[in-house]
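Only one structure is covered here, and it is reproduced in the block below.
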Amino acid sequence: MNGLLRLQDYLTAHQYDGILLLSQTNLRYFAGFTGTTAVGFVTPKQAFIITDSRYTEQAQQQCEGYEVIQYTSSVWCTIAHIIEEQQISLAVCAFEGNYVPVDTYQTISEVLTNSQFASVNLTSLRAVKRPDELDLMRKAAQIADEAFAAMLPQLKIGMTEQEARVILEIEMMRRGSEEPSFETIVASGHRSSMPHGVASDKVIEKGDFVTFDFGAVYKGYHSDMTRTIVMGQASDLQRTLYDVVLHAQLKGLAAVKSGVTGKLVDAACRDSIRKDSYGEYFNHGTGHGVGLDIHEEPVASPKSDTILEPNMIVTVEPGVYLPGKIGLRIEDSVIVTDEGYELLTHTSKELIEVKG
């Protein structure tokens, strides 16, 4: 199953005569192609995958609804030949403006001289997930949950953040993850005040907050979650900050449902933290969509007017960060429903004190 019909409806609605697909994410979503070398050319009525001899057979197996054409010299000249041979009117051709390099755009313009070009961003077309996508997302989240549980008993005071990262990523791979969703964040002690503090050689010490922001990839689909633990017994400050963030995160989750805006979800978290006197220390957006990319539509931020729809996926991840001292974040990924949400990430959010 792929998103070809959704793409063709989009072309018709916007009066585009065709579109060129180059990004691997959109080739996978709209064509089902998982190789690394191909261009998709789609019109409201036809669809072509142009690839080389390495991927011809693979494309024929994967790309339902597409005619697979092998090129030998220039992919763009091949597309021009298809247009001429099929007598396709291509007055307006869309392309992925957020992805196509300038030199590639110039080459396309020189070959398709009779076309005008429209830059488009197809992310919104992928925001509402199909049932098969939701099943893959559930599996990716399950892998991450189980890997985190398997890692916790292996955590020891005195190991480095990098060593903790390796353990977590190995546990995800053992359960079927293709790769980490993104560069795994392991931020301990004073580094926990860095929202994107990817794992370093810092030694994890007794009394440290340790924030883990990570995810698995299953059949191309990403999961995303954050949990913050403490090595040893939590201090009064750690418990206070943890309660502030957890309370805000639960407020944000409670705000999620079909028909609300990303701005409203963000405000639920942000207002809660502000009322607890830490508003100035929450310095990023509340959430984002997840799917074939780790950051997709919808967005939950102070400026987001995106309206949540059923079967969208969004993260809810408020945090508090005292620069150079301490910080934490708690994050879940959820599926939007008419009544609220379905939780994808099931790891407990009680403050975990690791005795290692």
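Restricting attention to the stretch 181-201, and to residues there that are out of contact with any Pro (no Cβ under 9 Å at 6 or more places or on another chain) and assigned to a helix (DSSP H, G or I), which single residue is surrounded by the most Cβ atoms within 10 Å (Cβ to Cβ)? Selected residue: Ser192. Would you confirm, using the coordinates I've provided, whether Ala150 is more than 30 Å from Leu27 (Cβ to Cβ), in contact with a helix residue (DSSP H, G or I) (Cβ under 7 Å, 6 or more places away or on another chain) and either without any contact (Cβ under 8 Å) to a residue 24 or more places away in the chain or assigned to a helix (DSSP H, G or I) (or both)? For Ala150, the condition - more than 30 Å from Leu27 (Cβ to Cβ), in contact with a helix residue (DSSP H, G or I) (Cβ under 7 Å, 6 or more places away or on another chain) and either without any contact (Cβ under 8 Å) to a residue 24 or more places away in the chain or assigned to a helix (DSSP H, G or I) (or both) - is met. Exactly one residue out of Val320, Val260 is closer than 24 Å to Ser348 by Cα and modelled with pLDDT of 95 or more: that is Val320. Contact map, the stretch 40-59: residues that are in contact (Cβ under 8 Å) with a residue 12 or more places away in the chain and on the phi < 0 side of the Ramachandran plot paired with residues that are among the acidic types (Asp, Glu) and part of a strand (DSSP E or B), Cβ distance under 6 Å, separation 6+ or inter-chain. Pairs shown: Phe48/Glu67. In the set (1) within 32 Å of the chain's Cα centre (by Cα); (2) within 14 Å of Val42 (Cα to Cα), the condition left unmet by Ile108 is number (2). Which pairs have Cβ atoms under 8 Å, sit 6 or more apart or on different chains, and link a residue in the stretch 247-273 that is in contact (Cβ under 8 Å) with a residue 60 or more places away in the chain to one that is among the aromatic types (Phe, Trp, Tyr) and crowded, with 17+ Cβ neighbours inside 10 Å? Filtered contacts from the stretch 247-273: Ala248/Phe282; Leu253/Tyr341; Val256/Tyr341; Lys257/Tyr341. When the residues of the stretch 223-246 are filtered to those that are of a type in the set (Asp, Glu) and without any contact (Cβ under 8 Å) to a residue 24 or more places away in the chain, the one that is farthest from Glu178 (Cα to Cα) is Asp236. In this structure, does Arg191 turn out to be touching a Gly at 6+ places or on another chain (Cβ under 9 Å), at pLDDT 95 or above and farther than 23 Å from Tyr29 by Cα? Against the criterion (touching a Gly at 6+ places or on another chain (Cβ under 9 Å), at pLDDT 95 or above and farther than 23 Å from Tyr29 by Cα), Arg191 qualifies.
Among residues of the stretch 342-356 that are at pLDDT below 95, those with a beta-carbon under 9 Å from a residue that is of a type in the set (Gly, Ala, Ser) at least six positions away or on a different chain give the pairs Lys355/Gly232; Gly356/Gly158; Gly356/Gly232.
Filtering Ile294, Ile335, Ile313 for residues that are in a strand (DSSP E or B) and surrounded by fewer than 24 Cβ atoms within 10 Å (Cβ to Cβ) leaves a single hit, Ile335.
Per-residue answers, yes or no, for (1) more than 28 Å from the chain's Cα centre (by Cα); (2) free of Cβ contacts under 8 Å to residues at least 40 places away in the same chain:
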| residue | (1), (2) |
| --- | --- |
| Asp9 | no, yes |
| Gly35 | no, yes |
| Val75 | yes, yes |
| His81 | yes, yes |
| Glu85 | yes, yes |
| Phe95 | no, no |
| Val102 | no, yes |
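If you check Gly220, Gly207, Gly215 for being assigned by TED's automatic domain parsing to the domain that holds His295, within 18 Å of Val354 (Cα to Cα) and in contact (Cβ under 8 Å) with a residue 24 or more places away in the chain, only one passes: Gly207.
The values are calculated or read from the model by the stated rules, or taken from the named source; none is laboratory data. Since this is a predicted model, take the numbers as computed values, not measurements. So basically every Cβ, Gly included, is an ideal-geometry build from the backbone, and we count neighbours across all protein chains shown.
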